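Engineer: Input: one structure, supplied below.
The values are calculated or read from the model by the stated rules, or taken from the named source; none is laboratory data. All values derive from a computational prediction rather than experimental measurement. Backbone-built Cβ (ideal geometry, glycine too); neighbour counts: all protein chains shown.
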Amino acid sequence: MWLYAILLLVACSPCGAASRIMAQDVPHAGGEADLGHWMTGEPAPTARTEVAVAALDGLIYVVGGFERPSSWMIRQSSISTKVEAYDPATNRWSSKPDFPVGLHHAGAAVLDGALYVVGGFTGSDDTLWNLSNRMFRFDPAGDTWMERAPLPTARGGLAVTTLQGKLFAISGYDGQENPAAVEVYDPALDQWTAMAPLSTPRDHLAAVTIGETLYAIGGRVRLNYRENLSTVEAYDAESNQWVPKAGMPTPRSGVAASVVNGWVYVFGGESGEGTFHQNERYSAQLNRWQTMAPMPTARHGLGVAAVDGYLYVLSGGPRPGGSYSRLNEIFVPPSPSRPLQSGRTPAAHIGSVMAILATFHEAGVLPPESSREADRLIHALIQSQSVFLKSSDPIVQELFASALAEKFDAEKAASLTQVFAETGWTSETLEALVDYSAQRSMVEEPRLPEVFQGYNVTTTNWKFVEQIFMKAREQLLKQGKQVHAVFAAQRASMPGARQNLR
């Protein structure tokens, strides 16, 4: 079986190699473990650029932009009204209700459980660059768009983010100049007000928020990508002032930015010479930048959203100007809380994962060989096993003990805990955690997502394991088999087997 070859490779590799099984790594002189690594997700249904992107309730929405026109289509029809949503948990895309107007170079952010899309440019008979001051709110419960109070200053190429429960629309291009306008929307009043203007007006910039501070990053002057900026300015709500910060190592515009574990990550961009592979991150605490593993595909007009500690970098043009892509490249940042480890993964722990996978195979639910789902499952089983084996965090220890105590008597629970410590997963231990988590939504436990991320895995990955296990149990019952008996038979032939092991 293909899983034997993969997992035996892991068994002979240093600890941490398992976390790279599913990654398409980008080489870098500094060492991939320190600089993060990249994976490839399911491509978007529509090739686009200059999109608005934001994450809401675990889905990533890609809105508007330019899409590749057919040769026979009129020029204006390349402005898109499409809204497509990506689910990282299933690696699948779905269509959502179209945006009310064709729009590109708009800003997007999530506030109070709704998606807001602000400003941008629209098309007409003679231009693709009509300014828009319109703002729309998407309600995911009703799958509906609703127009809200218009932006006081019409502009495109602006940056949009949230701070203290309000929406901030920052600078951009008004058809002639870069307005310094910073306008703030209060959803409770459906009303905009002006705040301190941006010190360095620009367009094609990015904006993010960390804690009580907003950061405006990069950009260009009057749509000219030959006048890219490295400028970073921070807005403090208490003083209503903008303060200069350390500039980006690479002056860029047409970028996308998001925040994971307190770091600001900035991706891509364009200039007169081409598009950027750059992936640079900023520490607000240190006021320093660091160069990370470069993007597999250089592009501009892209979008990025963070879900469960992963950064999903979507769409964008591989060439300056009018170019498009369906790209979905996923950046896995380095762990924030766990140092790199040395040594080798014990054969018994690898054997247990192999036996679980072989059980899934016999049930007919193992994802296809070499698919992203298969890689993801292997990664999730190995890394979540490490979480429960190695983490000393009380929330993990309490969760493990509670799951076993609910399913078994004290003697059996103690026995399984000892077996798990020695050899890793058993079908009974895994079933106890899966059933306990399904009843109590384990992913909502405080701090647990952060603990999982410290072992290069997410709680969304764990939910994928839950789904596969429950399908396997159901399918085996239909075959007249019992999941624990199948696991025991498979485990007997794997590395680190022991008598009567389940």
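Engineer: When you scan segment 127-146, how many residues do you find that are in a strand (DSSP E or B) and within 28 Å of the chain's Cα centre (by Cα)? Steps first, please.
Structural biologist: So the first thing to find is which residues in segment 127-146 are in a strand (DSSP E or B), and the list is 130-131, 135-139, 144-146.
From what is left, the residues that are within 28 Å of the chain's Cα centre (by Cα) are 135-139, 144-146.
Final tally of qualifying residues: 8.
Engineer: Now a separate question. Output the number of residues of segment 392-425 satisfying the condition of being outside any helix (DSSP H, G or I) and in contact with a helix residue (DSSP H, G or I) (Cβ under 6 Å, 6 or more places away or on another chain).
Structural biologist: Result for segment 392-425: 3.
Engineer: So, in segment 144-192, exactly how many residues are under 12 Å from Ser132 (Cα atoms) and either surrounded by 21 or more Cβ atoms within 10 Å (Cβ to Cβ) or not polar (S, T, N, Q) (or both)?
Structural biologist: The initial filter retains those residues of segment 144-192 that are under 12 Å from Ser132 (Cα atoms), namely 150-158, 172-175.
Applying the additional criterion that residues be either surrounded by 21 or more Cβ atoms within 10 Å (Cβ to Cβ) or not polar (S, T, N, Q) (or both) yields 150-152, 154-158, 172-175.
Summing the residues that are under 12 Å from Ser132 (Cα atoms) and either surrounded by 21 or more Cβ atoms within 10 Å (Cβ to Cβ) or not polar (S, T, N, Q) (or both) in segment 144-192 gives 12.
Engineer: Right, another one. I'd like to know if segment 317-330 contains one or more residues that are part of a loop (DSSP other than H, G, I, E, B) and assigned by TED's automatic domain parsing to the domain that holds Trp462. Lay out the reasoning, then the answer.
Structural biologist: Step one: list which residues in segment 317-330 are part of a loop (DSSP other than H, G, I, E, B), which gives 318-324, 326-327.
If we keep only those that are assigned by TED's automatic domain parsing to the domain that holds Trp462 too, we end up with none.
There is no residue in segment 317-330 that is part of a loop (DSSP other than H, G, I, E, B) and assigned by TED's automatic domain parsing to the domain that holds Trp462.
Engineer: Look through Glu227, Glu233, Glu212 and report the one residue that is surrounded by 17 or more Cβ atoms within 10 Å (Cβ to Cβ) and among the acidic types (Asp, Glu).
Structural biologist: Working: Glu227 fails: surrounded by 17 or more Cβ atoms within 10 Å (Cβ to Cβ); Glu212 fails: surrounded by 17 or more Cβ atoms within 10 Å (Cβ to Cβ).
Step by step, each of Glu227, Glu233, Glu212 is checked, and only Glu233 is surrounded by 17 or more Cβ atoms within 10 Å (Cβ to Cβ) and among the acidic types (Asp, Glu).
Engineer: A follow-up question, please. When residues of segment 475-492 are filtered for being in a helix (DSSP H, G or I) and either free of Cβ contacts under 8 Å to residues at least 40 places away in the same chain or hydrophobic (A, V, I, L, M, F, W, C) (or both), how many remain? So that I can check it myself, show each step before the final result.
Structural biologist: Step one: list which residues in segment 475-492 are in a helix (DSSP H, G or I), which gives 475-478, 483-491.
Keeping just the survivors that are either free of Cβ contacts under 8 Å to residues at least 40 places away in the same chain or hydrophobic (A, V, I, L, M, F, W, C) (or both) gives 476-478, 483, 485-489.
Result for segment 475-492: 9.
Engineer: Sticking with this structure for a sec: Given the criterion assigned to a strand (DSSP E or B) and either assigned by TED's automatic domain parsing to the domain that holds Leu131 or farther than 23 Å from Thr49 by Cα (or both), identify the matching residue among Ala234, Ala196. Give the steps one after another, and end with the answer.
Structural biologist: Details: Ala196 fails: assigned to a strand (DSSP E or B).
The unique qualifying residue is Ala234.
Engineer: Those residues that are in contact with a Ser or Thr (Cβ under 9 Å, 6 or more places away or on another chain) and aromatic (Phe, Trp, Tyr), I need them from segment 123-160; list them, please.
Structural biologist: Trp129, Phe138 - these are the residues of segment 123-160 that are in contact with a Ser or Thr (Cβ under 9 Å, 6 or more places away or on another chain) and aromatic (Phe, Trp, Tyr).
Engineer: Here's a follow-up. Hey, could you check segment 262-282 for residues that are among the aromatic types (Phe, Trp, Tyr) and more than 16 Å from the chain's Cα centre (by Cα) and say which is farthest from Pro334 (Cα to Cα)? I'd like the intermediate steps shown before the answer.
Structural biologist: Step one: filter segment 262-282 for residues among the aromatic types (Phe, Trp, Tyr), giving 263, 265, 267, 276, 282.
The next check asks that each one be more than 16 Å from the chain's Cα centre (by Cα); those that pass are 276, 282.
Details: Phe276: 21, Tyr282: 14 Å.
Selected residue: Phe276.
Engineer: Shifting gears a bit: Any chance segment 437-456 includes a residue that's modelled with pLDDT of 90 or more, in a helix (DSSP H, G or I) and not charged (D, E, K, R)? Full working, then the answer.
Structural biologist: Looking only at segment 437-456, we keep the residues that are modelled with pLDDT of 90 or more, and these are none.
There is no residue in segment 437-456 that is modelled with pLDDT of 90 or more, in a helix (DSSP H, G or I) and not charged (D, E, K, R).
Engineer: Here is a follow-up. Would it be correct to say that Thr162 is within 24 Å of Val255 (Cβ to Cβ), in the same structural domain as Ala109 (by TED's automatic domain parsing) and outside any loop (DSSP other than H, G, I, E, B)? Reasoning before the result, please.
Structural biologist: Working: within 24 Å of Val255 (Cβ to Cβ): yes; in the same structural domain as Ala109 (by TED's automatic domain parsing): yes; outside any loop (DSSP other than H, G, I, E, B): yes.
When the stated conditions are applied, Thr162 passes them.
Engineer: Would you be able to tell me the number of residues in segment 246-261 that are more than 22 Å from the chain's Cα centre (by Cα) and not in a loop (DSSP other than H, G, I, E, B)?
Structural biologist: Number satisfying all stated conditions: 0.
Engineer: For segment 277-292, check the following and say yes or no: at least one residue is surrounded by 23 or more Cβ atoms within 10 Å (Cβ to Cβ), over 23 Å from Ala180 (Cβ atoms) and aliphatic (A, V, I, L, M).
Structural biologist: The answer is yes; a qualifying residue exists.
Engineer: Additional query: In segment 357-381, which residue that is of a type in the set (A, V, I, L, M, F, W, C) and not in a helix (DSSP H, G or I) is surrounded by the most Cβ atoms within 10 Å (Cβ to Cβ)? Steps first, please.
Structural biologist: Going residue by residue through segment 357-381, those that are of a type in the set (A, V, I, L, M, F, W, C) are 357-358, 360, 363, 365-366, 374, 377-378, 380-381.
Applying the additional criterion that residues be not in a helix (DSSP H, G or I) yields 365-366.
Details: Val365: 19, Leu366: 22.
Out of the qualifying residues, it is Leu366.
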